[in-house]
Amino acid sequence: MKQNILALVIITFGALCLTQLTIQIKNQCECSQFDQSTCGTVNNQQSCRWNTTASLCEKLGCNQINNKTTCLQNFYECWWNGDYCQQFTSCSNLNSSQNLTCSQQNIQCGQNLFNSTTCVSLDNLPKCSKFNQTQCIPSQIGYQGSLCYWNNTSCQTATSCQQLSLDQCSQWQNTCIWNGLSNSCVQLQCSNFTYQSIKSLNNYSMLICLWIMFFHQKCQEFNCLKLFIKKFINIFLD
């Protein structure tokens, strides 16, 4: 009976959740969404703590965050100055003269790498088409965080890894990989390595990976159906 119920639940849920999970970095959980058992324990870089007096999960202030990764994840409020986390107000208050690019201090910010150390919001960056061949490099972010590549005649916004040449593909190691069989550049998949996430060509989104031993002892795309199945197998068959 339990197995039949489980199968029905999986089929019903599976109709809603069959695709791999790609998230927008801007869509983050609020600390208030966590209960006491998960507040500050989801990962060691979570910027939340449990307030025992108020019995709620609350967000840490920027000056209470002591590591770069967590600071950068809280880009609405914080920025990383190279040594510690500070309150973020605007990109114009940052600069890249301290051996950190603007985006390494706050991912909402960018700069023209070739003629300015002034940081500006991604909406104020030039479109890729405005860059010349020398300026059109992977580290140069374009309008709204777009990634730029040179297509032999002009600088263009990359929308697919397949647009990239072998040399260009090798420069985007955390996003694309060269497929020798198809002789083309392709999007990295979770099975290619064991990182927890892969950046997409859109600077504000990423593909989530999951190491899950129940199905295969390898890294694979986070599929909410598989996670749901595992959870209910544990519930129904224990």
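The values are calculated or read from the model by the stated rules, or taken from the named source; none is laboratory data. Fair warning: this is a prediction, and the values are worked out from it, not measured in the lab. Don't worry about glycine lacking a Cβ; one is built from the backbone with ideal geometry, like all the others, and counts go over all protein chains shown.
Summary table
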{"item": "Verdict on residue 97 being assigned to a helix (DSSP H, G or I) and either farther than 20 Å from residue 146 by Cβ or not assigned by TED's automatic domain parsing to the domain that holds residue 63 (or both)", "result": "no"}
{"item": "Test result for residue 104, closer than 30 Å to residue 192 by Cβ, modelled with pLDDT of 90 or more and not assigned by TED's automatic domain parsing to the domain that holds residue 59", "result": "no"}
{"item": "The stretch 73-111, residues that are surrounded by fewer than 17 Cβ atoms within 10 Å (Cβ to Cβ) and among the small types (Gly, Ala, Ser)", "result": "82, 90, 92, 97"}
{"item": "The stretch 145-164, subset more than 17 Å from residue 131 (Cβ to Cβ) and either surrounded by 17 or more Cβ atoms within 10 Å (Cβ to Cβ) or modelled with pLDDT of 90 or more (or both), residue farthest from the chain's Cα centre (by Cα)", "result": "162"}
{"item": "Number of the exception - residue 82 against (1) within 21 Å of the chain's Cα centre (by Cα); (2) part of a loop (DSSP other than H, G, I, E, B); (3) at pLDDT below 85", "result": "(3)"}
{"item": "Out of 104, 111, sole residue that is within 19 Å of residue 147 (Cβ to Cβ) and under 17 Å from the mean Cα position of the chain (by Cα)", "result": "104"}
{"item": "Hits in the stretch 122-141 (condition: buried (at least 16 other Cβ atoms within 10 Å of the Cβ), under 24 Å from residue 90 (Cα atoms) and in contact (Cβ under 8 Å) with a residue 24 or more places away in the chain)", "result": "122, 128, 140, 141"}
